[in-house]
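This report refers to the structure that appears directly beneath it.
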Amino acid sequence: MGPGSQIHDSLTRNSLSRRDCHNYEDSRRLDDDARLTQAGMPWAREPDNDGYHQLMVSKIRTLGEQHLAEPLARCGTMWTVRVCRGCRTTARFRNRCDLVYCPRCQPKIAHERRASIEFWAKMVRQPKHLILTCRNTRFLSAARVAQIKTALTRLRRSKLCENWRGGCWSLEVTNESRGWHLHLHLLVDVEWVDMPALSRKWGQLVGQDYSIVCIRDARNADYLREVCKYAVKGSVMSQWSPHEIVEFINALGGVKTFGVFGSLHAARAEWQAWQAARATSKFSCPCGCDKFHYFSPLEFEWFSLTNERAPPEIKLPPPQLEMEWSP
């Protein structure tokens, strides 16, 4: 294999330019990530997350589950460089896998969840933080996760919860050597909840005589942090055995672990419409230019060598005085 083909293969692996995006939303995300990174958002990548990420990939590969390890392994390994065509200002940012169990992507996912409901939470009169628990199970499966989510849907549609005006839910999973423990965090706009009746109803829906449920007044607390967090922290998941990590991914891979309902569903739809309208507007550089080049690192290096030189200065001749001409 010659050096030319090696460069071509490297460009193919590393390039994540706009033309390589699967759809317009992916290409728009490149601009959004650059804007938020420059703004110093709190979900910025941390060195610890990289360590948890690498540990998880190594453990999954020990079981030969390459199809599960590769999406994680590729996350954060490719850079895209954006160059303003006007002032030549550059910004670079990494690719994302957007998997809910990826330690590198989890802070960003939690931030996006919070941003989508934060405006609604400020208008809620009586926010309540509910925690619905289930008994531990020895094995974790997609069927068990589906059972919990179906039970939540039936609970929300029951007469007991008809006074719930709206809210959101998130699924959390723990494993502390006593089996898999699945529980739900809910933020609900409601004045009053019949806790004994809720405990009996929820226990019945999940196949138990009763269930432990908790409620907290969330008017003076940072309840969004609890409701919008990830299903399991990367720092915790990376400490699991390889078999437990794979079992978790097989059970929750591609499964929705966060949702909204009631009045929040309509409010979030309005927020998403605003986001869509915002996405149609062009991202602009501080210099006012809205046209950019997108390169992989190698493409950017070639661009810098061939195009970064300033154009030659054009010297105009001095102005000429008009002179009258007569034949």
Calc'd 3J(HN,Hα), the stretch 248-258, phi into Karplus 6.51 cos²θ - 1.76 cosθ + 1.60 (θ = phi - 60°), Hz, glycine/Pro = x, comes to 5, 5, 5, 7, 10, x, x, 9, 6, 10, 8
Per-residue ³J(HN,Hα) for the stretch 145-153, Karplus 6.51 cos²θ - 1.76 cosθ + 1.60, θ = phi - 60°, Hz, x for Gly and Pro: 5, 4, 4, 5, 5, 5, 4, 5, 4
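If the chain between LEU298 and ALA197 were fully stretched, how many nm would it gain, using 0.36 nm times the residue separation less the Cα-Cα distance?
Contour length minus the Cα-Cα distance gives 30.1 nm.
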Förster radius 22 Å - calculated FRET efficiency between THR62 and THR174, Cβ distance, rounded to 0.05: 0.45
Calculate the FRET efficiency for ASN136 and TRP79 from the Cβ-Cβ distance with a Förster distance of 51 Å, rounded to the nearest 0.05. 0.75
With a point put 7 Å past each Cα toward its Cβ, work out how far ARG157 is from ILE215 in nm, to one decimal. 2.3
Cut-off 12 Å between beta-carbons: net charge of the residues surrounding ILE245, Lys and Arg +1, Asp and Glu -1: -1
Count the net charge of all other residues whose Cβ sits under 9 Å from the Cβ of LEU160, scoring Lys and Arg as +1 and Asp and Glu as -1. 0
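Computed from the coordinates by the stated procedures, all read-outs in this text should not be read as laboratory data. Fair warning: this is a prediction, and the values are worked out from it, not measured in the lab. Cβ coordinates were reconstructed from backbone atoms using ideal geometry, including for glycine residues, and neighbour counts include every protein chain displayed.
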